[in-house]
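Readers should treat all values here as calculations from the given coordinates under stated rules, not as data from a laboratory. Quantities reported herein were computed from a predicted structural model and do not represent experimental measurements. Methodologically, a virtual Cβ is constructed for each residue, glycine included, from the backbone with ideal geometry; neighbour enumeration extends over all protein chains shown.
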Amino acid sequence: MFDFLFRNKKGEMQSYMDMISIEVKKLKIHKLAIEKAVGMIAHAIAKSEFIVQRKDGRSKDHVYWMLNIRPNPNETATDFWIEVIQRFLLEGEGLICHISGRLYIIDTYTTDRAVMMPQIYKNITITSNGETLRLDRYFRSDEIIHLKAQNKKIRKYLLNVLNTYNNVVSAITKAKELASTPKFTLDIPGVTPVIMTKDEKGNEKPLTIDEYKKDIKKLLESDNIEILQNQNGMSISQLQVSTSVTSEDIVKLASQIYTECALAFDIPRAVFLGEITEKADSTNEFITYACGWVVELLNDSLNAKLVGEDSYLNGEYIWIDMSKFKHRDIIESAANLEKLRSIGYTLDEIREITGWEALGTEFSQERAITKNYTNDLGGENSGTQNADT
């Protein structure tokens with residue numbers, strides 16, 4: 001029971017304590033990193049505008065309202081899409097059902113897994129504003145927006161985090177086995193002392209160290225209250241185990257984990273850590289690599305389920321405009337906006353690009369082209385740019 005009196009396991013116990021301390025810190029840092037990465041992507045998409053394109057131009061109708069403002073009576077679009085994207089990135093799928101012109105997040109479901117025919121979804125529970133409801137009906141696949149994709153890098157990273165959790169559990173289990181009873185150390189001076197005791201007749205006799213250890217072990221295991229006496233400079237103390245992990249170790253560990261997480265989610269490290277030097281390039285990379293594939297999946301799913309084949313082929317579609325996510329200084333962008341105006345963009349189109357409302361006037365919808373790109377082979381300025389024509 002008190003095997004610390006016989007062999008030194010302090011080093012073994014110390015290693016388990018260090019492992020537990022490090023792995024627990026790693027789990028906490030991983031959790032923060034994952035929440036940050038998923039939150040960055042989800043918030044970027046939720047902040048963007050879902051454009052509803054009809055044959056006669058962009059429309060702000062019920063579908064636009066449902067996607068951008070109020071998907072259902074109890075949730076805002078921002079909260080709704082953040083929740084959908086977070087589930088999709090962490091669980092590999094996010095489901096939405098379309099009921100009477102409203103969108104709801106699906107918590108649980110079963111499906112028949114049909115291949116040649118549209119799948120049927122049953123036993124559906126939906127969530128709205130933290131409340132859950134079970135639906136007593138089935139849905140065809142064209143009524144369900146099913147975001148499903150396995151990003152191998154994200155999946156591998158999440159599995160590594162799971163392995164870290166398993167390491168913590170294993171280390172804690174082993175440490176509990178070692179620490180299930182009190183552990184003591186016996187400190188013996190450099191010169192082995194002579195330990196005396198009394199026999200049954202009261203005569204003194206010397207004890208070996210091993211015999212002395214057995215006596216101490218018997219005394220410590222006893223339920224009776226006893227006084228433990230030290231012999232000739234020897235002392236007994238309960239083993240105290242602590243971790244040797246320093247704050248510097250944690251800082252280095254955090255930097256490594258943040259980098260791993262950023263790479264897994266395709267987020268530029270400078271953007272993830274807030275160390276942006278070239279703001280435009282870093283933000284563009286974030287939108288292109290971290291958000292782009294999620295946006296394309298959303299575009300395809302919304303067009304397939306809310307627009308339909310016939311309407312889509314006739315020029316109607318839904319797409320996510322992430323240009324609204326990027327901050328634009330109107331003064332700094334003035335020269336570039338002027339160039340757009342000169343090559344045929346209307347004032348209303350430019351105002352929408354900057355996030356302003358279109359004026360809807362005859363003047364704002366006119367196309368004033370001040371740059372002339374000509375293919376007149378016989379002209380003096382053939383193939384060149386003529387300004388202010």
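Values computed for the structure shown
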quantity	calculated
Trp65 versus Asp107: modelled label distance in nm, points set 7 Å from Cα along the beta carbon direction	2.8
Extension gain, Glu309 back to Ser100 (0.36 nm per residue minus Cα-Cα distance, nm)	73.2 nm
In nm, spacing of pseudo-spin labels at Leu297 and Arg367 (7 Å Cα→C-beta vector)	3.7
Potential extension, Ser255-Glu349 segment - 0.36 nm per residue separation minus Cα distance	29.5 nm
Estimated FRET transfer efficiency (Leu340, Asp281; beta-carbon r; R0 22 Å; 0.05)	0.55
